[in-house]
4 protein chains.
Amino acid sequence: MKVGLIGLGNMGRGVAQNLLNAGHELVVYNRTRAKAEPFQAKGARIAGTPQEAARGAEAVLSLLADDPAVEEAVLGREGLLSGLERGAIHISSSTISVALSERLTAEHARAGQGYVSAPVFGRPEAAEAKQLWVIAAGVKADVERIRPVLEAMGRGLTVLGEKASSANVVKLSGNFLIASMVEALGEAFALARKSGVEAKTFLEVFQSVFSKSPVFERYASLIADRQFQPGGFALRLGLKDVGLVLEAAGDAQVPMPLASLVKDHLLSGVARGHGELDWSALGALAAERAGLEKL
Amino acid sequence: MKVGLIGLGNMGRGVAQNLLNAGHELVVYNRTRAKAEPFQAKGARIAGTPQEAARGAEAVLSLLADDPAVEEAVLGREGLLSGLERGAIHISSSTISVALSERLTAEHARAGQGYVSAPVFGRPEAAEAKQLWVIAAGVKADVERIRPVLEAMGRGLTVLGEKASSANVVKLSGNFLIASMVEALGEAFALARKSGVEAKTFLEVFQSVFSKSPVFERYASLIADRQFQPGGFALRLGLKDVGLVLEAAGDAQVPMPLASLVKDHLLSGVARGHGELDWSALGALAAERAGLEKL
Amino acid sequence: MKVGLIGLGNMGRGVAQNLLNAGHELVVYNRTRAKAEPFQAKGARIAGTPQEAARGAEAVLSLLADDPAVEEAVLGREGLLSGLERGAIHISSSTISVALSERLTAEHARAGQGYVSAPVFGRPEAAEAKQLWVIAAGVKADVERIRPVLEAMGRGLTVLGEKASSANVVKLSGNFLIASMVEALGEAFALARKSGVEAKTFLEVFQSVFSKSPVFERYASLIADRQFQPGGFALRLGLKDVGLVLEAAGDAQVPMPLASLVKDHLLSGVARGHGELDWSALGALAAERAGLEKL
Amino acid sequence: MKVGLIGLGNMGRGVAQNLLNAGHELVVYNRTRAKAEPFQAKGARIAGTPQEAARGAEAVLSLLADDPAVEEAVLGREGLLSGLERGAIHISSSTISVALSERLTAEHARAGQGYVSAPVFGRPEAAEAKQLWVIAAGVKADVERIRPVLEAMGRGLTVLGEKASSANVVKLSGNFLIASMVEALGEAFALARKSGVEAKTFLEVFQSVFSKSPVFERYASLIADRQFQPGGFALRLGLKDVGLVLEAAGDAQVPMPLASLVKDHLLSGVARGHGELDWSALGALAAERAGLEKL
């Protein structure tokens, strides 16, 4: 396919290489032109503006840092919207706000163009090694038409429904899960180290116990299915354990705000009479706070 | 080996069966005797008190609900401490406090007995299916002597150092990681659902993206090695993304306290000039708050 | 003075009455005209648009619910900006964002008009009883010119500097302080009640101990002056006490997330070696997290 | 009265002086005897142990740093419990745990002695200036008998019911309120300063607006009476304002975890359909999380 690519940052460079490898005809644009030059040698054409990169392309993929960068590259003077032909498709792979994604959906529709939201999971190394995972949402026919591009980007593709911005919700939620885990790991390592367990040792246990076991996947299933009974591991026991964590943390002088937060939620569950449910019912409490079903 | 087993709850029953399967000679004790009876048919002997279960055993394993239960079963009148012979070993697999584990270390030492702390990871199904992971710590010779028991309990064993209570720190930290992840999942599902993404769909993405990829393991390594540069994914971008999560959550009316907490930590990192570090530097901030190295 | 007033909600009605009482000549505008009519009988003129309310006025005061309402009333078609004469002044008393306040500063300057940000503290009863407290910021000459209007609104006036949006920062910070106190009171009442102390009794103590004593004022001074030594009440004792609060709360099954948060900050202070400072050093920790001076 | 006094720290010294001034006959004990000596010159007798200080006294008042210190001084060998006569009263003014207060109630009752829990509010300067506020609870006759001692300590006395530990709940809750306010002030000052408002200026506003107005008292009344309607200041407006605070804080790079926490509670209130209630309904949400009435 004839594809425009806007943005050759850490992520974009890996994607560009893989699109070339897959045989796509590539026109690249990058604000700092120097980063585009290596791709010229590999057969890509360099455009001077996003508009030019979009002109004549069947699809133009943008992979930029944030909302302002995408707004400028798409809606700005010489933005891709003004270059893209009717019927051609904008593939938006940047991590942007749900609000901007909804606005782009409307703007492209008004211009008779397609808009597929297709954010990716994976770090720069994964982009380079074609190991990204793509989450796509948009009008079905559009998604199917650009499927070869999406498949050339990574190791997997999940297609959501027709509401483009739902892919952004999922991408942002995924980054939130990672950030939470990083925070949790940070607190856990601090506790381990101040309790005399070496970071290296703690890492080995983590690798053995968690990374070879589908523990998080199982809890995700329990929450998705709202299956809180029978309580394989009761909420009141979770409260006890997180209480012990905080006790140990207090003794070792390690602030653990995430543990404190989780403890208060468990305590509320118990105070309200749900101590015998599985502790995955933390998910039910979160839903209830959001105005979804009452526990 | 001749092994006593105190506690036949959800977890203990699975372990008892696997110890029998491995050919160990078992004496079981449970407060409610009825739960012990099925094991008599399978060749175990039933003891009337923890003391009796310990008498003559090379090792006695306790697997109980909490600190008070363990205190009573070990230190109480007719507790196992008074029945265990000099040189025999108490294997403590309950999830108890670091403080109690230290006290038991001292009490058993005073009685000339061994004490190995060996908490397990896994839910009741895992106990039954011999899929637990055991974390053991204690005097090296003691750990080696009871290794056949530990190996009969699950699919893996990690031996930490000689300080028994370090196994409790690790176990509690592990439960904290799970609780954090459950909380994070709960908030993420609430956001997805209120944004029009079905729970089932979100689960599929989670399964595809996270469970087949060592994403958490990689972040654990970065934190363990304090390798925050180069910033594969910069802290300031993490701040942007978690900010977008909260924006979407505000629009969908979904409270996400864990996201709020993480955002404030990322914001502090950026405010203090560390925005270009990898966002695994959240771990460095946690360490600093605990009085460890300054970032 | 000849004054336009935009917005006759709960707050605006009280202000309108007091401006009339002070002898100002009033032109009022309200989206729902019915709310304006009572003031016609009292001598005010009713305008059909914000633009009309501004026309010919020396000052026009807006008192609306939020950013969108203010944007429309000021910058919209038939907004007050298009009606206000050069040299006349817009007094913005709504609780709006710092960003919008900065934008209004620029827009009015461009139109050769004055802009004074003058948010108020006080609930509707206070507005009616002329008990509001006004915080004003803007070009000095402008503030002086409209002083009679500001003084007619309430019991007191504090004039900040020339940067109009600083009044919005202060107003928002004040509302944050109130919200924090309400949250804290909510948690404290829950604890008291579940511990068998009646809400009425707890209220009496609160009234006796806190409302007749300048306790909060004193802490505000200590933080403003960064006077953390000598430690009249040491941070480590604060940690002890908040720890005891959480212990009691755990026993009574009362989640206290604000107590948890404060405890973690105190714990970090102690972990980093500042346990002997006065516990007002919580303020120094907050400053440090914001990238201000290190503790 | 003949009074023993255990503990001559920052607080105890002020109290000792005021008891002497009021004409009580004093026997003092302090672990470091040197601190007791100045009082000998003023007419007090020095005891070598808490037991000795209690012997022959009608009441013995303890004012120590924490639980362990009180446990040792009361229940230890040579503790005051063993010296106090039947019918004499222990006045416990230290800030201790609810659990220890309940234990002391039982121990003294068993010994035929009275136990009045009488913690105090006020910093060392207040102790010296006889400006403490005393909160007392215990058997009514006991409280009445020692009223002259309690009144000699400060500027006011509130007598709660007969359950001694309720005074500790109230004292701890009071310290929690102060800690919360200090945290809130810390965050607010950080925001003000990073937004260009000088600390001194912000302090002046705080002094004008809050310290001369019963704002906190009014919110405490609303929560105590569960009077959330009509919504003088609606919860959804509170959400808007705290949202604006966080927006300003994000722009100024100021982490405000307390603001984040409050925002999530307000957001939950709105998500669950309570946006029109007064924002004092934050107190109702806290009660609900504790298993009290549903909102």
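The values are calculated or read from the model by the stated rules, or taken from the named source; none is laboratory data. Please read all numbers here as calculations on a predicted model, not as lab measurements. All Cβ positions, glycine included, derive from the backbone under ideal geometry; neighbour counts span all protein chains shown. The area values use the complete protein model at the heavy-atom level, side chains included, leaving out ligands, DNA and RNA. Shrake-Rupley method; radii C 1.70, N 1.55, O 1.52, S 1.80 Å.
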**Report entry** Any hit, the stretch B:17-25, residues being surrounded by fewer than 17 Cβ atoms within 10 Å (Cβ to Cβ) and part of a helix (DSSP H, G or I)
**Finding:** yes
Query - Neighbours by Cβ (under 6 Å, 6+ apart or cross-chain): first from the stretch D:139-152, more than 10 Å from D:Val116 (Cβ to Cβ); second open to solvent by less than 30 Å² (accessible area, probe 1.4 Å) - result: D:Ala152/D:Asn18; D:Ala152/D:Leu19
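From the list A:Ser208, A:Ser280, A:Ser213, pick out the single residue that is modelled with pLDDT of 90 or more, closer than 21 Å to A:Ser180 by Cα and hydroxyl-bearing (Ser, Thr, Tyr). Before you say what the answer is, go through the steps one by one.
Values: A:Ser208 fails: modelled with pLDDT of 90 or more; A:Ser213 fails: modelled with pLDDT of 90 or more.
Every option except A:Ser280 fails the conditions.
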Query raised in the report: Restricting attention to the stretch C:167-196, which residues are over 11 Å from the mean Cα position of the chain (by Cα) and open to solvent by 10 Å² or more (accessible area, probe 1.4 Å)?
Result: C:Arg193, C:Lys194, C:Ser195, C:Gly196
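Residues to consider are B:Arg86, B:Arg55; find the one that is free of Cβ contacts under 8 Å to residues at least 60 places away in the same chain and more than 22 Å from B:Ala16 (Cβ to Cβ). Lay out the reasoning, then the answer.
Numbers: B:Arg55 fails: more than 22 Å from B:Ala16 (Cβ to Cβ).
Of B:Arg86, B:Arg55, the one residue that is free of Cβ contacts under 8 Å to residues at least 60 places away in the same chain and more than 22 Å from B:Ala16 (Cβ to Cβ) is B:Arg86.
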Report summary line: C:Glu293: passes all of (1) facing another protein chain (nearest Cβ under 7 Å); (2) among the charged types (D, E, K, R); (3) farther than 18 Å from D:Thr95 by Cβ but (1)
Query raised in the report: In the stretch B:37-71, what count of residues is obtained for those that are open to solvent by 50 Å² or more (accessible area, probe 1.4 Å) and among the small types (Gly, Ala, Ser)?
Result: 3
Query raised in the report: Just one of B:Ala188, B:Ala281 is touching a helix residue (DSSP H, G or I) at 6+ places or on another chain (Cβ under 6 Å), of a type in the set (Gly, Ala, Ser) and farther than 20 Å from D:Ala271 by Cβ; which is it?
Result: B:Ala281
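Looking only at the stretch D:38-48, decide whether some residue is within 26 Å of C:Val245 (Cβ to Cβ) and either in contact (Cβ under 8 Å) with a residue 60 or more places away in the chain or not hydrophobic (A, V, I, L, M, F, W, C) (or both). Steps first, answer last, please.
First, pick out the residues of the stretch D:38-48 that are within 26 Å of C:Val245 (Cβ to Cβ): none.
No, the conditions are met nowhere in the stretch D:38-48.
When only residues in the stretch D:235-258 that are open to solvent by 10 Å² or more (accessible area, probe 1.4 Å) and not in a helix (DSSP H, G or I) count, which is farthest from the other protein chains (Cβ to nearest Cβ)?
Pass one, the stretch D:235-258, residues open to solvent by 10 Å² or more (accessible area, probe 1.4 Å): D:236-237, D:239-240, D:243-244, D:246-248, D:250-253, D:257.
Those still in the list that are not in a helix (DSSP H, G or I) too: D:252-253.
Details: D:Ala252: 8, D:Gln253: 4 Å.
The qualifying residue farthest from the other protein chains (Cβ to nearest Cβ) is D:Ala252.
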Requested in this report: For the stretch B:194-202, indicate whether the set of residues that are more than 29 Å from A:Ala284 (Cβ to Cβ) and more than 8 Å from chain A (Cβ to nearest Cβ) is non-empty.
Outcome: no
Query raised in the report: How do the strands (runs of 3 or more DSSP E) wholly within the stretch B:80-159 filter down when requiring 3 or more residues that are open to solvent by 10 Å² or more (accessible area, probe 1.4 Å) and within 14 Å of another protein chain (Cβ to nearest Cβ): which remain?
Result: B:154-159
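Restricting to the stretch C:259-284, give me the number of residues that are more than 7 Å from chain D (Cβ to nearest Cβ), in a helix (DSSP H, G or I) and either under 24 Å from the mean Cα position of the chain (by Cα) or not charged (D, E, K, R) (or both). Quick ask: steps written out before the conclusion?
Of the residues in the stretch C:259-284, the ones more than 7 Å from chain D (Cβ to nearest Cβ) are C:260, C:263-264, C:266-278, C:281, C:284.
Keeping just the survivors that are in a helix (DSSP H, G or I) gives C:260, C:263-264, C:266-271, C:281, C:284.
Among the residues that remain, those that are also either under 24 Å from the mean Cα position of the chain (by Cα) or not charged (D, E, K, R) (or both) are: C:260, C:266-271, C:281, C:284.
The number of residues fulfilling the criteria is 9.
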Query raised in the report: Does D:Phe216 meet the test of being of a type outside the set (Asp, Glu) and closer than 26 Å to C:Ala249 by Cα?
Result: yes
Query raised in the report: Out of the stretch B:211-234, which residues are under 25 Å from A:Ile223 (Cα atoms) and facing chain A (nearest Cβ under 7 Å)?
Result: B:Ser211, B:Pro214, B:Val215, B:Phe216, B:Glu217, B:Tyr219, B:Ala220
Report task. Please enumerate the residues belonging to the stretch A:47-67 that are within 25 Å of the chain's Cα centre (by Cα), part of a helix (DSSP H, G or I) and modelled with pLDDT of 95 or more. Result -> A:Pro50
Requested in this report: Determine which single condition D:Glu217 fails, assuming it passes every other condition in (1) under 30 Å from C:Val169 (Cα atoms); (2) crowded, with 18+ Cβ neighbours inside 10 Å; (3) of a type outside the set (Val, Ile, Thr); (4) under 19 Å from the mean Cα position of the chain (by Cα).
Outcome: (2)
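Given the options B:Gly291, B:Gly231, name the one that is surrounded by fewer than 24 Cβ atoms within 10 Å (Cβ to Cβ), closer than 28 Å to A:Val242 by Cα and small (Gly, Ala, Ser). First the steps, then the outcome.
Numbers: B:Gly231 fails: closer than 28 Å to A:Val242 by Cα.
That would be B:Gly291, the only listed residue that is surrounded by fewer than 24 Cβ atoms within 10 Å (Cβ to Cβ), closer than 28 Å to A:Val242 by Cα and small (Gly, Ala, Ser).
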Report task. Residue by residue through the stretch C:163-180, note down the ones that are part of a helix (DSSP H, G or I) and not aliphatic (A, V, I, L, M). Result -> C:Ser165, C:Ser166, C:Asn168, C:Lys171, C:Ser173, C:Gly174, C:Asn175, C:Phe176, C:Ser180
